[in-house]
Amino acid sequence: MVNRLICQPVFAAYIYSNSVINSFSIITTEANEVMAMIHNTKKRMPLIICNEDWRQWIDPKTTKEEIQELLKPSPDDILSFHTISKDISYRDRNTNYPEIQNEVIYQAITGEVDLFSKT
């Protein structure tokens, strides 16, 4: 579970198209140190636009060079994270319950045994 610490609100950058099908794509960038631990294979993260840059992001007058300046990983200190239930990874399991967001501590990560974990 990834949460914002600062930079409120957080804006995820995307490209929108309504040509044939209304759709959008989330723009990703190289992962910062925090997100690299989570997306450890592809080392990417959603492009996060903080409040001081979002107007520039959506302004049609923004130049290609100015947009490229925004295409960078967010600082490590604007996000926090914790592990959640492995249920989230399985398509055949119900993930529609609020407790899915609760922190779960796994022995493989901490080296400690949690006898009361619901994993």
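Please go through region 7-38 and pick out each residue that is free of Cβ contacts under 8 Å to residues at least 24 places away in the same chain and touching a strand residue (DSSP E or B) at 6+ places or on another chain (Cβ under 6 Å).
Correct list: Tyr14, Ile15, Tyr16, Ser17, Ser23, Phe24, Ser25, Ile26, Thr28.
Looking at region 42-97 only, could you name the residues that are within 13 Å of the chain's Cα centre (by Cα), closer than 19 Å to Ser25 by Cα and not in a loop (DSSP other than H, G, I, E, B)?
Arg44, Met45, Pro46, Ile48, Ile49
Can you name the residue in region 81-95 that is surrounded by 13 or more Cβ atoms within 10 Å (Cβ to Cβ) and touching a residue at least 24 places away in the same chain (Cβ under 8 Å) and is also farthest from Tyr106 (Cα to Cα) among such residues?
Within region 81-95, the match that is farthest from Tyr106 (Cα to Cα) is Phe81.
(1) surrounded by 10 or more Cβ atoms within 10 Å (Cβ to Cβ); (2) modelled with pLDDT under 85; (3) in contact with a Phe, Trp or Tyr (Cβ under 9 Å, 6 or more places away or on another chain): which one isn't true of Tyr16, the others all being true?
(1)
Give the residue that is surrounded by the most Cβ atoms within 10 Å (Cβ to Cβ), with candidates limited to residues of region 46-80 that are hydroxyl-bearing (Ser, Thr, Tyr) and in contact with a strand residue (DSSP E or B) (Cβ under 7 Å, 6 or more places away or on another chain).
Selected residue: Ser74.
The values are calculated or read from the model by the stated rules, or taken from the named source; none is laboratory data. Because the structure is a prediction, the values reported are computed rather than measured. Please note: Cβ atoms are built from the backbone with ideal geometry, for glycine as well, and neighbour counts cover all protein chains shown.
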